[in-house]
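Reading through the structure tokens given below for one structure.
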Amino acid sequence: MTTLYTPAEVRNAVELLASRSLIRLVTEIDDNGAIPPRRLAGTLPDLSSHQLRRTTEAARAHGFVRVVPGAGLELTESGSELADLYDAMARWARRHAVPAPVCEFSSRIRHVLDLLAPSLITERADEAEAGLAGLRTLLIQWLADNLQVARVSEPEPVA
């Protein structure tokens, strides 16, 4: 049994990647191209200005999006690969009608990430359902290329 990630690293990665606002931002840009900064609120009207600001900052800090002068917010290579990972997870979830036959795209992503999370802590064949093995491999590869996602920040020393 090989340890892949610590429970804290998996928790950080799942919390970030399963964020409804991040999923919405990444998939919107992937589906429709760059979003000019002034159009962000109109493009994602279901997210508050606070959610948009925090999500955009997190996406930029993790290297998923960048601002291109004249174009707006666009996906980086890492962000584009994340969009592909989201699509693969959603297809699997739809095919298996989880978490329900009809639900939001982001709910499907969260459900699949929750299913995969235990198998990211230790490498055991029985941890990931056979049907999830391909998604598990894709997620592990993506996380290996994006180490900052799972990184646990060290607490600041107390003075």
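Determine if region 85-101 includes at least one residue that is open to solvent by 10 Å² or more (accessible area, probe 1.4 Å), in a loop (DSSP other than H, G, I, E, B) and of a type in the set (D, E, K, R). Looking through region 85-101, none of the residues is open to solvent by 10 Å² or more (accessible area, probe 1.4 Å), in a loop (DSSP other than H, G, I, E, B) and of a type in the set (D, E, K, R). With respect to ARG66, determine if the residue is more than 14 Å from the chain's Cα centre (by Cα), open to solvent by 50 Å² or more (accessible area, probe 1.4 Å) and at pLDDT below 95. Spelling it out, it is not the case that ARG66 is more than 14 Å from the chain's Cα centre (by Cα), open to solvent by 50 Å² or more (accessible area, probe 1.4 Å) and at pLDDT below 95.
The single condition among (1) of a type outside the set (Ser, Thr, Tyr); (2) in contact with a Phe, Trp or Tyr (Cβ under 6 Å, 6 or more places away or on another chain); (3) on the phi > 0 side of the Ramachandran plot that GLY79 does not meet is (3).
For every residue, the table says whether it meets (1) within 14 Å of the chain's Cα centre (by Cα); (2) not charged (D, E, K, R).
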{"position": "ARG11", "(1), (2)": "yes, no"}
{"position": "VAL14", "(1), (2)": "yes, yes"}
{"position": "ARG20", "(1), (2)": "yes, no"}
{"position": "ARG24", "(1), (2)": "yes, no"}
{"position": "PRO36", "(1), (2)": "no, yes"}
{"position": "PRO45", "(1), (2)": "no, yes"}
{"position": "SER48", "(1), (2)": "no, yes"}
{"position": "GLN51", "(1), (2)": "no, yes"}
{"position": "THR55", "(1), (2)": "yes, yes"}
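Considering only residues in region 139-153 that are under 12 Å from the mean Cα position of the chain (by Cα) and in contact (Cβ under 8 Å) with a residue 60 or more places away in the chain, the one that is nearest to ALA58 (Cα to Cα) turns out to be VAL149. When we screen GLU28, GLU104, GLU74, GLU57 for residues that are under 22 Å from LEU132 (Cα atoms) and among the acidic types (Asp, Glu), the only hit is GLU104. For LEU132, state whether it is open to solvent by less than 40 Å² (accessible area, probe 1.4 Å) and modelled with pLDDT of 90 or more. Here the answer is yes, as LEU132 does meet what is asked. Answer with yes or no whether SER80 is of a type outside the set (Lys, Arg), in contact with an Asp or Glu (Cβ under 7 Å, 6 or more places away or on another chain) and either free of Cβ contacts under 8 Å to residues at least 60 places away in the same chain or more than 19 Å from VAL149 (Cα to Cα) (or both). It is true that SER80 is of a type outside the set (Lys, Arg), in contact with an Asp or Glu (Cβ under 7 Å, 6 or more places away or on another chain) and either free of Cβ contacts under 8 Å to residues at least 60 places away in the same chain or more than 19 Å from VAL149 (Cα to Cα) (or both).
Every residue, every condition in (1) among the β-branched types (Val, Ile, Thr); (2) more than 15 Å from GLY72 (Cα to Cα); (3) surrounded by 15 or more Cβ atoms within 10 Å (Cβ to Cβ); (4) out of contact with any Lys or Arg (no Cβ under 9 Å at 6 or more places or on another chain), yes or no:
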{"position": "TYR5", "(1), (2), (3), (4)": "no, yes, yes, yes"}
{"position": "ASN12", "(1), (2), (3), (4)": "no, yes, yes, no"}
{"position": "ALA18", "(1), (2), (3), (4)": "no, yes, yes, no"}
{"position": "THR43", "(1), (2), (3), (4)": "yes, no, yes, yes"}
{"position": "GLU57", "(1), (2), (3), (4)": "no, no, no, yes"}
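In region 28-41, is there at least one residue being within 24 Å of GLN148 (Cβ to Cβ) and open to solvent by 60 Å² or more (accessible area, probe 1.4 Å)? Walk me through how you get there before you give the answer.
Our first condition is that a residue be within 24 Å of GLN148 (Cβ to Cβ); within region 28-41, this holds for 28-30, 34-35, 37, 40.
Right, trim to open to solvent by 60 Å² or more (accessible area, probe 1.4 Å) and you get 37.
Yes, because at least one residue in region 28-41 is within 24 Å of GLN148 (Cβ to Cβ) and open to solvent by 60 Å² or more (accessible area, probe 1.4 Å).
The values are calculated or read from the model by the stated rules, or taken from the named source; none is laboratory data. Computed from a predicted structure; not experimentally measured. With ideal geometry, Cβ positions are generated from the backbone for all residues, glycine too; neighbour counts draw on all protein chains shown. These area figures cover heavy atoms from the full protein model, side chains too; ligands, DNA and RNA do not enter into them. Shrake-Rupley method; radii C 1.70, N 1.55, O 1.52, S 1.80 Å.
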